[in-house]
Amino acid sequence: MTELMEVARHLLSLAMASHWLLLVLFIAAAVDAVFPVVPSEGMVVTAGMAAAAGHQNLLLVIAVAMAGSVIGESVCYFMGRGSGPALHRWMKRQERRQRVYDRVSAALHSRGGLILMTVRYIPGARMVATLTAGATRYSFKKFIVFTIAGVTVAYTYVALLGYLGGDAFAHDQLKALAFSLSLAAVVGLVIETTRRIAVKRRAAKITSA
């Protein structure tokens with residue numbers, strides 16, 4: 001086990017110092033926006049740790065992650081715009097996807113900015129929201145403005161978590177990674193819990209009215 005840990009530390013150190021890290025980060029952020037199977041947040045955390053170690057520039061890390069995500073989400077938007085009825089059939093294959101699609105469709109034109117900025121914190125919902133925005137012909141100008149605002153907030157805080165972990169555990173990259181990812185998970189849990197409480201309270205007010 002000790003040898004495996006040392007190998008993992010060595011590989012992590014190589015990744016953090018690699019000249020290819022930013023390119024990999026850009027690709028991961030773009031792909032994650034279209035196919036949410038690539039852990040782009042973990043890549044941003046690692047790049048933030050690399051910035052703390054002096055291997056990368058923190059502002060450049062954030063900018064690269066933002067650019068990749070905005071491009072990926074724009075691709076997803078235009079996929080939704082061109083898909084038409086096929087998208088609706090795909091959404092109906094899963095009850096959860098259909099519920100998200102119906103909610104996003106109803107909410108986009110009333111509070112689209114808030115939806116597009118916060119949906120990225122709900123697992124799997126970002127792709128559905130961006131596809132739905134395209135399918136419902138939501139204004140692309142508004143879409144791109146709110147998307148840029150959303151990714152700016154999201155990737156800044158994730159990169160800062162990586163930087164914080166890398167600075168606090170400069171002697172052990174694995175501990176730094178575990179600390180940063182755990183902190184990111186806690187923040188995500190708090191945001192999701194707060195969102196659910198707000199939704200329940202809003203529903204209760206509507207029911208009582």
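For the stretch 135-183, give me each residue that is within 30 Å of Leu108 (Cα to Cα), among the small types (Gly, Ala, Ser) and either surrounded by fewer than 23 Cβ atoms within 10 Å (Cβ to Cβ) or at pLDDT below 65 (or both). Listed by number, the residues that qualify are Ser139, Ala149, Ala154.
Report yes if Leu131 is at pLDDT 75 or above and open to solvent by less than 40 Å² (accessible area, probe 1.4 Å), otherwise no. For Leu131, the condition - at pLDDT 75 or above and open to solvent by less than 40 Å² (accessible area, probe 1.4 Å) - is met.
The values are calculated or read from the model by the stated rules, or taken from the named source; none is laboratory data. What you see is a predicted model; the values in this text were computed from it and never measured. Heads up, the Cβs are rebuilt from the backbone with ideal geometry, glycines too, and the neighbour counts pull from every protein chain shown. Ligands, DNA and RNA are excluded from the accessible area calculation, which covers all protein heavy atoms including side chains. Shrake-Rupley method; radii C 1.70, N 1.55, O 1.52, S 1.80 Å.
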